[in-house]
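Before any comments, here is the structure.
Taken together, the values in this text are just the output of simple stated rules run on the coordinates, not laboratory data. Quantities reported herein were computed from a predicted structural model and do not represent experimental measurements. Quick reminder, even Gly has a Cβ in these numbers, built from the backbone with ideal geometry, and neighbours come from all protein chains shown.
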Amino acid sequence: MNLMESTLKKADLDDLKKQVILDKFSEDWGKADMSLPPARTAGLIYQKLLQETSQDDLFKAHKKSSIQEALKLYPQLKNLADGASDPYEMAIRISALGNILDAANPTCYNLQDEINRLMDVQIIGDSLEIFRKKITSADSLLILADNAGEAVFDKVLIEIMDVPTLYAVKSKPAFDDALLADARQAGIDQVAQIIETGTPFPGTYLPSCTPEFQDIFTKAPLVLAKGQANFETLSDVSRDLFFLLKVKCEVVSEEINFPLGSLTLKYHQG
């Protein structure tokens, strides 16, 4: 519930409404089926809360400002990647760092400081060279998007990878996850084809996705899944893919077996 509380701080609501929603979320969470991925459960309750409060998107303003903040940094991020001795590795670092913009991130941070330290942080997972090899032989890439502001960081990665890319976003509001309009605001439509998964839940809970997207997911030569919710919902999927994220909570840190705060590229063999 601490995660929901930190998330609601960035919602477009007054304090009283936030408390009402938090109380209702806590009540519903206690009744939830814990055998399902937490991201799916949180998303289901969130959709219910939107209906009960007659709200369209609690994070619309937050997503817009997050993207605007990231776009101001885009020239710097692009120059970092283009001017790096290894543009490929730098672009991976930049994309992973964008995961910090998640509204559910419980830690405080200074984004410029994080960018300045980008090359001082190790990429954990021993998968960088595996991904490099696979991207050079793949004829396309499927990226499963995470939060809205992060999409600007992903744009740098797509430009450096220089391979035809599908960028999959949510079909309905799911906290601060990117929707079609958010991805367009971030400029993703300039470098990739944006598609929708069909799900209103954080991550990529495949049973809730459209048959069309499930087919795309199954047939994609290479999949890069961004963020913790994608790790939660796809960690047992029966296909090869890569997870790229910044580890932001103890639960995921323990499950993925990497330290809190790590920039992580993990190869999953299904």
* So how far, in whole Å, is the C-alpha centre of segment 166-238 from the one of segment 13-74? -> 18
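Cβ under 10 Å from Ser235's Cβ, Ser235 left aside: what net charge do those residues give with Lys, Arg +1 and Asp, Glu -1? Show your work: numbers first, answer last.
Values: positive: Lys266; negative: Glu232, Asp236, Glu255.
Surrounding charge for Ser235 is -2.
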* Structure fact -> Helix 150-161 sits off the longest principal axis of the Cα atoms of the chain, rounded to the nearest 10 on a 0 to 90 degree scale, by 20
* To do: Relative to the longest principal axis of the C-alpha atoms of the chain, give the angle of the C-alpha long axis of helix 38-52, reported between 0 and 90° and rounded to the nearest 10°.
  => 50
* **Amide H within-cut-off set for Ile195, under 5 Å, with H built and near neighbours excluded** => Tyr167, Ala168, Val169
* Asked: In terms of modelled amide H atoms, which long-range or inter-chain residues lie less than 5 Å from the amide H of Asn147?
  -> Ala178
* Structure fact -> XL table Lys60/Lys219; Lys219/Lys266; Lys24/Lys172; Lys63/Lys248; Lys78/Lys134; Lys18/Lys72; Cα-Cα > 25 Å flagged, in table order, is Lys60/Lys219; Lys18/Lys72
* To do: List, largest first, the extents of the alpha carbons of the chain along their principal axes, each in whole Å.
  => 51, 38, 35
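Order 70-79, 155-164, 258-267 from most to least packed using the mean count of other Cβ atoms within 10 Å.
Sorting 70-79, 155-164, 258-267 by mean packing, highest first, produces 155-164, 258-267, 70-79.
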* Structure fact -> Phi-derived 3J(HN,Hα) across segment 111-119 with the Karplus relation (6.51, -1.76, 1.60, θ = phi - 60°), rounded Hz, x for Gly and Pro, is 4, 5, 4, 5, 5, 5, 9, 3, 7
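In debye, nearest 20, what is the charge dipole magnitude of segment 60-268 about its Cα centre with +1 on Lys and Arg Cβ and -1 on Asp and Glu Cβ, if you could check? Walk me through the numbers before you get to the answer.
Numbers: 20 positive and 29 negative charges, 74 e Å.
Using Cβ point charges on Lys, Arg, Asp and Glu, segment 60-268 gives about 360 debye.
Show me the ranking of peptides 204-211, 119-126 by mean Cβ neighbours inside 10 Å, starting with the highest. Could the numbers behind the result be given before it?
On the way: 204-211: 17.4, 119-126: 13.8.
Highest to lowest by the protection proxy: 204-211, 119-126.
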* Structure fact -> Ranked output for segments 85-91, 166-172, 139-145 by mean other Cβ atoms within 10 Å, highest leading, reads 166-172, 139-145, 85-91
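Is it possible to state the helix-based mean residue ellipticity at 222 nm for the chain, with each DSSP H run of 4+ residues giving -39500 (n - 2.57), the sum divided by total residues, to the nearest 500 deg cm²/dmol? What is it?
Numbers: 12 runs with 130 residues, N = 270.
After summing the helix terms and dividing by residue count, I get -14500 deg cm²/dmol.
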* Asked: Roughly how tilted is helix 15-30, in degrees to the nearest 10 and between 0 and 90, from the longest Cα axis of the chain?
  -> 80
* To do: With θ set to phi - 60°, apply the Karplus curve 6.51 cos²θ - 1.76 cosθ + 1.60 along segment 254-268 and write out the HN-Hα couplings as whole Hz, x wherever there is a Gly or Pro.
  => 6, 6, 8, 6, 10, x, 4, x, 5, 7, 10, 10, 10, 8, 9
* Karplus-derived HN-Hα couplings along segment 78-87 (A = 6.51, B = -1.76, C = 1.60, θ = phi - 60°), whole Hz, x at Gly and Pro -> 5, 5, 4, 5, 5, x, 6, 5, 10, x
